[in-house]
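See below for the structure under consideration.
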Amino acid sequence: MTAGNDPVKIMKQEVGKAAAALVQSGTIVGVGTGSTTAYAIE
């Protein structure tokens, strides 16, 4: 999944990455179904 030049998509991608970086091993995480979640999972 690529963000291209769309600033909203780029921001969502960065937020998804930042959220994923906060997850620690062994924790249970609830996620949504939106595009930001897709970036976090990626």
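Nothing in this text is a laboratory measurement; each read-out follows from the coordinates by a stated rule. Keep in mind the model is a prediction, meaning the values are calculated, not measured. When we count neighbours, we look across all protein chains shown, and the Cβ atoms used for this are built from the backbone with ideal geometry, even at glycine.
Some values worked out for this structure:
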read-out: Count - residues of segment 20-40 that are part of a helix (DSSP H, G or I) and exposed (fewer than 10 other Cβ atoms within 10 Å of the Cβ); value: 2
read-out: Single residue of LYS9, LYS17 found to be part of a helix (DSSP H, G or I), in contact (Cβ under 8 Å) with a residue 24 or more places away in the chain and surrounded by 10 or more Cβ atoms within 10 Å (Cβ to Cβ); value: LYS9
